[in-house]
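Encoded as structure tokens, the structure appears first; notes follow it.
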Amino acid sequence: MTLALGCIADDYTGASDLANTLTRAGLRTVQTIGIPADDLALPEVDAVVVSLKSRSIEAGLAVSRSRAADKWLRGRGASHVLFKICSTFDSTDAGNIGPVMDALRADCGEANVLVTPAFPETGRTVYQGNLFVGAVPLNESPLKDHPLNPMRDSNLVRVLARQSKTQIGLVDLAAVTRGADAVRARLAELAAKGIGAAIIDAVFDRDLETIGLVAAEHRFSVGASGIGLGLARALVWTGKVKSAAASSEAGAAVDGPAACLAGSCSQATLKQIANAERVMPVLHLDPDRILTGADEAQRALDWARPRLAEGPVLIASSSTPDQVAALQARHGRDAAGHAIEQAMADISEGLVKSGVRRLVVAGGETSGAVVDRLKIPGFLVGVEIAAGVPVLRAVGAQDDMLLALKSGNFGGPEFFADALGLMR
């Protein structure tokens, strides 16, 4: 295998988002769960997205896992590696974006690194280094209330400077709109000043194409799926890969019941759950019962099993931001998050043992816990359900399965029904 592009994603739903973007741009793409084992048979592809569950873990552990993934990808010929982060730049002042960026930049010897979470297609833009969600700055949007990594500062130059050991600069929109040569000149200017990384503005889709052309000339970049789109288009335009259609094998039918799990507390997911109640049975878990040791997972499985033969079901641990804050105040942020993730993982395992072969999961941390518990080593990327969310076929798993892994704020109001409609 000789890869045109290697990617390291800091959570599983973000990895699916990126894999979907690369596939749409014409790259044959596989998403792996962790670093693949040597005996995992992968098809011939242009790009591999290594999924890590490293966004909210201790920074040193995130660095070591990311460095190991980088080594594996470069050992398969990847001359450029993208460290894929969330389009809301989810992180704390301790990391993990800055520490991982610093380590991978040092490993590959780059003078400076382009960084952007912008993806205008999904309403994420960066202007003067500030991240906007639609028309408002990140810190004024509903996305500021991530339960593990709340984002209270929209200025990414400041955010990244608090995490990184290098100085952080800015490549502003004026340079981007003048084209690739202007971006190259600005990067050279920053490098001469010892500035090791630069947030780069992007407001329009064409800005991603300029960024991708420049980034592809370097060995490393950091960003969300928008920069992945720019890189993919640059690889196709420069003839480094030949555009290919998405694998039809990824979406081939799978027999068996279907179920949905929702752990995200985003406004989008809460609305999607409410809409799903019109078309399928929905069970709302009691987070306090999970935290106090009651077997809420077993209650959920006892509720779901007799209903699976009649059609899909949805089990949700999602709560409003106020409810999440109160739960965290009673039990602690980390303890609450971990307990709920493990309960959802227990439920997923029980559902699969009960015959479920089509599984839709909403929420990055929930998806990570579920896929880890099911021990799925990788996925073939299929058709797009919604922007950033493809159908995924398990590779190397014991059972043939289709999954969809959704970041909390992705998808339309009828996402669960839409997903199941494409996973027949």
For the residue 253, residue 165 Cβ pair and Förster radius 51 Å, calculated FRET efficiency rounded to 0.05 is 0.50
Counting only DSSP loop positions in the range 196-247, the trypsin sites (Lys or Arg not before Pro) whose Cβ has at most 13 other Cβ atoms within 10 Å are 242
Counting only DSSP loop positions in the range 357-405, the trypsin sites (Lys or Arg not before Pro) whose Cβ has at most 12 other Cβ atoms within 10 Å are 375
Highest mean packing first, using Cβ neighbours within 10 angstrom, the peptides 288-301, 115-128 sort as 115-128, 288-301
So the angle from the long Cα axis of helix 12-24 to the longest Cα principal axis of the chain, reported in degrees to the nearest 10, equals 60 degrees
In whole angstrom, largest first, the equivalent ellipsoid semi-axes that the Cα gyration tensor gives for the range 194-312 are 43, 22, 14
So the compactness index of the range 254-411, its C-alpha Rg divided by 2.2 N^0.38 Å, takes the value 0.98
In degrees rounded to 10, the 0-90 angle between helix 364-374 Cα long axis and the longest Cα principal axis of the chain is 60 degrees
Carbon/sulfur accessible area of the range 1-97, % of total, 1.4 Å probe, equals 50 percent
Taking only the Cα positions of the range 361-419, the convex hull volume per residue in Å³ is 74 Å³
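Determine the gain in length on full extension of the stretch residue 237-residue 58; use 0.36 nm per residue of separation and subtract their C-alpha separation, reporting nm with one decimal.
60.5 nm
Counting other C-beta atoms within 10 Å, and keeping those with at most 10, which DSSP coil GluC sites (Glu not before Pro) do you find in the range 143-250?
In loop regions of the range 143-250 (DSSP not H, G, I, E or B), there are no sparsely surrounded GluC sites (Glu not before Pro).
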So residue 127 and residue 279, fully extended at 0.36 nm per residue minus their Cα-Cα distance, gain in nm 50.6 nm
Taking only C-alpha positions in the chain, Rg and Dmax in angstrom work out to 20.6, 67
The relative contact order of the chain, taking Cα pairs under 8 Å that sit 6 or more residues apart, comes to a percentage of 19 percent
Taking Cα atoms only, Rg over Rh for the range 6-74 with Rh from the Kirkwood formula is 0.97
In nm, the gap between the two label points placed 7 Å beyond Cα toward Cβ at residue 192 and residue 40 is 4.5 nm
Rg (one decimal) and Dmax (whole number) from the Cα set of the range 1-147, in Å, equal 15.4, 48
Per residue, accessible area of the range 87-202 with a 1.4 Å probe, heavy atoms of protein chains only, in Å², comes to 37 Å²
XL table 165/193; 84/193; 240/406; Cα-Cα > 19 Å flagged, in table order, is 84/193; 240/406
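How much of the accessible area of the range 242-347, probe 1.4 Å, is carbon plus sulfur, in whole percent?
50 percent
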Inter-part gap, Cα centre of the range 365-416 to Cα centre of the range 311-329, in whole angstrom, is 20 Å
The range 271-364, convex hull of Cα, quarter of hull surface, nm² -> 6.1 nm²
The distance between the Cα centres of the range 267-300 and the range 151-221, in whole Å, is 42 Å
Distance in nm between residue 140 and residue 203 label points, each 7 Å along Cα→Cβ, equals 1.6 nm
With Rg from the Cα atoms and Rh as the Kirkwood inverse mean 1/r over Cα pairs, the range 320-380 has an Rg/Rh of 1.05
Residue-normalised 222 nm signal for the chain, counting each DSSP H run of n ≥ 4 as -39,500 (n - 2.57), nearest 500 deg cm²/dmol, is -12000 deg cm²/dmol
With all protein chains present, the range 127-207 has a carbon and sulfur share of its accessible area (1.4 Å probe) in percent of 53 percent
Where a ≥ b ≥ c are root eigenvalues of the Cα gyration tensor, a/c under 1.5 meaning rounded, otherwise prolate if a/b exceeds b/c and oblate otherwise, the range 47-101 counts as prolate
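The values are calculated or read from the model by the stated rules, or taken from the named source; none is laboratory data. For clarity, every value in this text was computed on a predicted model and none was experimentally measured. Note that each Cβ is placed from the backbone with ideal geometry, even for glycine, and that neighbours are counted across all protein chains shown. Note: areas computed on protein heavy atoms with side chains; ligands, DNA, RNA excluded. Shrake-Rupley method; radii C 1.70, N 1.55, O 1.52, S 1.80 Å.
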